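**Q** Below is a structure I'd like to ask you about.
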Amino acid sequence: MALFTPTDEQTQVLDMVKDFCKKEIDPVARELEQKDEYPHEIVEKMKELGFFGFTIPEEYDGIGIDFVTYSLVIEEITRHWMSVAGILNSHLIMAYIVEKYGTEEQKNSFLPKFATGECRGGLALSEAEAGTDVQNISTKAEKNGEHYIVNGSKMWITNARYGNTFILATKTDTKIKPRYKGISLFLIQKGESGFIVQKDIEKLGYKGVKTSEIVFENFKVSSNQLIGGEEGKGFKQVLGGLELGRVNVAARGLGLARAAFEDAIRYAQERKTFGKPIAEHQAIQLKLGEMGTKLEAARLLTMNAATKLQEGERSDLEAGMAKLFATEAGFELSSEAMRIHGGYGYTKEFNIERYYRDSPLMLIGEGTNEIQKIVISKGLTEKYKI
């Protein structure tokens with residue numbers, strides 16, 4: 001891409017990730033995905049290589065890569081198997097929230113363990129009646145001396161089955177108005193009674209990584225596990241974490257778009273009909289031309305959002321645009337790639353059907369694309385205010 005040239009450090013990290021993907025993911029991805037089997041060996045290798053500390057600062061024993069490099073890493077992993085990127089992303093959003101909003105004790109206690117993967121998990125945020133509408137969560141944390149007692153349930157939680165540490169969103173005040181002021185986050189771990197991983201949820205795609213329901217029944221949480229040490233700050237903390245999450249989802253949409261495009265353009269040059277490669281037929285050329293253009297546009301938007309986030313600037317507008325466009329591109333290009341592959345694209349002998357099943361999730365995750373349009377509109381109105 002002419003407008004972006006990786007630095008030597010970025011190239012070194014990406015070369016390592018590409019080598020990892022080819023050696024560890026490619027040989028097993030199709031089999032594990034079709035069996036919906038968790039990639040335990042891949043995760044252990046990621047721990048050895050320090051992947052779970054990618055964005056964690058070096059002072060906390062992480063690798064400390066910038067967010068632009070991180071988005072490139074997620075794109076690369078997604079190109080090979082999106083589920084692995086999902087395992088990593090939820091964990092690093094958790095780490096980002098602790099780094100940005102946690103107390104010094106919380107940072108020193110947990111970030112080094114996050115970096116090694118000893119403590120690994122994600123966000124316990126969504127509920128059956130509270131996905132996009134975060135303010136509507138009903139899980140409660142009631143103060144009881146030096147502890148809080150948590151009751152409620154969470155849905156669609158990535159890493160719930162095999163992770164051990166999570167950021168939990170609760171209501172510590174159910175009466176305050178506006179409702180978002182009653183939300184608080186806690187850093188919790190498995191092991192105590194009352195933390196129940198109820199069931200794994202069957203999904204269309206995004207196989208291998210387990211998405212689960214968690215139930216809390218009189219689950220005791222120490223007061224020092226309250227993120228930042230102050231109640232009522234959870235909504236702001238969640239929104240801060242989702243800025244990184246949206247850049248990540250944009251990078252995953254980009255990775256899926258790239259996978260679909262690269263598989264399609266290769267197949268179009270190999271497959272022949274009527275005596276010539278289908279890439280020489282105008283109907284296919286029109287598809288490839290549009291696919292390639294959308295791919296590059298998605299990449300530029302994603303890099304722009306990651307750069308804004310890295311520079312510490314407010315990036316909700318850019319992250320929303322990147323998330324919207326890149327995930328729609330992933331969805332559209334996976335569909336077009338299936339058409340180019342014809343009947344073969346509909347079979348499990350090719351990866352196209354996997355991209356096709358994985359891509360709709362990105363339209364929904366980290367805020368639906370309908371919500372992104374509203375966020376973008378508000379941001380544009382503010383930017384061009386008269």
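The values are calculated or read from the model by the stated rules, or taken from the named source; none is laboratory data. All of these numbers come straight from a predicted model, not from anything done at the bench. Heads up, the Cβs are rebuilt from the backbone with ideal geometry, glycines too, and the neighbour counts pull from every protein chain shown. These area figures cover heavy atoms from the full protein model, side chains too; ligands, DNA and RNA do not enter into them. Shrake-Rupley method; radii C 1.70, N 1.55, O 1.52, S 1.80 Å.
**Q** Quick one: compute the contact order of the range 110-203, relative version, from alpha carbon pairs under 8 angstrom and 6+ residues apart, as a percent. Spell out each step's value before the answer.
**A** Numbers: 145 pairs, mean separation 25.6, N = 94.
Relative contact order here is 27 percent.
**Q** Find how much the distance from LYS100 to SER223 grows on full extension, using 0.36 nm per residue of separation minus their present alpha carbon separation; answer in nm with one decimal. Mind showing how you got there, number by number?
**A** Numbers: separation 123, 0.36 × 123 = 44.28 nm, distance 1.88 nm.
Contour length minus Cα-Cα distance gives 42.4 nm.
**Q** To the nearest 10 square angstrom, what accessible area does ASP19 show with a 1.4 Å probe?
**A** Solvent-accessible area, nearest 10 Å²: 70 Å².
**Q** Let me ask something else about it. Between ALA128 and GLU41, what FRET efficiency comes out of the Förster formula 1/(1 + (r/R0)^6) with R0 = 35 Å and r the beta carbon distance, rounded to 0.05?
**A** Once the sixth-power term is evaluated, E becomes 0.60.
**Q** Given charges of +1 on the Cβ of Lys and Arg and -1 on the Cβ of Asp and Glu, with all other atoms neutral, how large is the dipole of the range 242-289 about its Cα centre, in debye to the nearest 20?
**A** Dipole of the range 242-289, to the nearest 20 debye: 100 debye.
**Q** Using a Förster radius of 56 Å, what is the FRET efficiency between ASP173 and ALA297 based on their Cβ-Cβ separation? Nearest 0.05, please.
**A** Working: r = 44 Å, r/R0 = 0.78.
About 0.80, to the nearest 0.05.
**Q** Hey, another quick one. Got a sec? What order do VAL375, VAL98 fall in by accessible area at 1.4 Å, biggest, i.e. largest, first?
**A** Values: VAL375 40, VAL98 0 Å².
So the residues, ranked largest to smallest area, are VAL375, VAL98.
**Q** Can you tell me what the convex hull of the Cα atoms of the range 8-116 projects to on average, as an area in nm²?
**A** On the way: hull surface 26.4 nm².
Seen from a random direction, the Cα hull of the range 8-116 projects 6.6 nm² on average.
**Q** I want to check the label-to-label distance for THR273 and GLU31. Put each point 7 Å from Cα in the C-beta direction and report it in nm to one decimal.
**A** Output for this residue pair reads 3.4 nm.
**Q** Any idea what Rg and Dmax come out to for the range 236-381 if you just take the C-alpha atoms, in Å?
**A** When restricted to Cα atoms, the range 236-381 yields Rg and Dmax of 16.8, 61 Å.
**Q** Taking the Cα centre of the chain as origin, sum charge times position over the Cβ atoms of Lys and Arg (+1) and Asp and Glu (-1), and report the length of that vector in debye to the nearest 20. Could the numbers behind the result be given before it?
**A** Numbers: 50 positive and 56 negative charges, 213 e Å.
That gives a dipole near 1020 debye.
**Q** Here is a follow-up. Simple spin-label model, 7 Å along Cα-to-Cβ: LYS23 to GLU192 in nm?
**A** Each label point is offset 7 Å from its Cα along the Cβ direction, giving 4.1 nm.
**Q** Using amide H atoms built 1.01 Å from N in the peptide plane, name the residues 5+ places from THR211, or on other chains, whose amide H lies under 5 Å from its own.
**A** For THR211, whose amide H was placed from the backbone, the distant partners under 5 Å are ILE201.
**Q** Determine the calculated [θ] at 222 nm for the chain from helices alone, applying -39500 (n - 2.57) to every DSSP H run no shorter than 4 residues and normalising by the residue count; nearest 500 deg cm²/dmol.
**A** Calculated from helices alone, the mean residue ellipticity at 222 nm is -17500 deg cm²/dmol.
**Q** If you don't mind, another one. I'd like the per residue volume of the convex hull spanned by the Cα atoms of the range 65-206, given in cubic angstrom. Walk me through the intermediate numbers first.
**A** On the way: hull volume 20.2 nm³, N = 142.
Measuring per residue, one finds 142 Å³ for the Cα hull of the range 65-206.
**Q** May I ask you to list, by number, the DSSP H helices of the chain whose Cα span along the axis is at least 27 Å and whose average Kyte-Doolittle hydropathy reaches 0.5 or more?
**A** Working: long enough: 82-101 (28 Å, 0.91); 234-270 (53 Å, 0.11); 282-310 (42 Å, 0.00); 316-341 (37 Å, 0.08).
Helices meeting the span and hydropathy rule in the chain are 82-101.
**Q** Now, a different point. Which order do you get for GLU332, GLU366 if you rank them by accessible area with a 1.4 Å probe, largest at the top?
**A** Numbers: GLU332 65, GLU366 45 Å².
Highest to lowest solvent-accessible surface, that is GLU332, GLU366.
**Q** Would you work out which of LEU49, GLY312, GLN34 lies farthest towards the positive end of the dipole of the chain, given +1 charges on the beta-carbon of Lys and Arg and -1 on that of Asp and Glu, about the Cα centre?
**A** Going by the Cα projections, it comes out as GLN34.
**Q** Could you work out the per residue convex hull volume over the alpha carbons of the chain, in cubic angstrom? Write out the running numbers ahead of the final one.
**A** Numbers: hull volume 56.3 nm³, N = 386.
Convex hull volume per residue, Cα atoms: 146 Å³.
**Q** Here's another thing I want to ask about it. Using a 1.4 Å probe, how large is the accessible area of THR11, given in Å² and rounded to the nearest 10?
**A** For THR11, the solvent-accessible surface is approximately 50 Å².
**Q** Quick check: residue separation of ILE364 and GLU332 times 0.36 nm, minus the Cα distance between them. What number comes out in nm?
**A** 10.1 nm
**Q** Could you list which residues have their amide H under 5 Å from that of ALA124, counting only those 5 or more apart in sequence or on another chain, with H placed in the peptide plane?
**A** For ALA124, whose amide H was placed from the backbone, the distant partners under 5 Å are ILE167, LEU168, ALA169.
**Q** Order the following by accessible area, largest value first: SER377, SER315, SER193. Probe radius 1.4 Å; ligands, DNA and RNA are ignored.
**A** Working: SER377 60, SER315 0, SER193 95 Å².
Ranked from most to least accessible, the order is SER193, SER377, SER315.
**Q** Then there is this: Within the set LYS199/LYS220; LYS210/LYS287; LYS113/LYS220; LYS233/LYS385; LYS45/LYS308; LYS140/LYS233, which residue pairs have Cα atoms separated by over 25 Å? Don't jump to the answer; show the numbers that get you there.
**A** Numbers: LYS199/LYS220 21 Å; LYS210/LYS287 35 Å; LYS113/LYS220 22 Å; LYS233/LYS385 29 Å; LYS45/LYS308 31 Å; LYS140/LYS233 15 Å.
Too far apart for the 25 Å limit: LYS210/LYS287; LYS233/LYS385; LYS45/LYS308.
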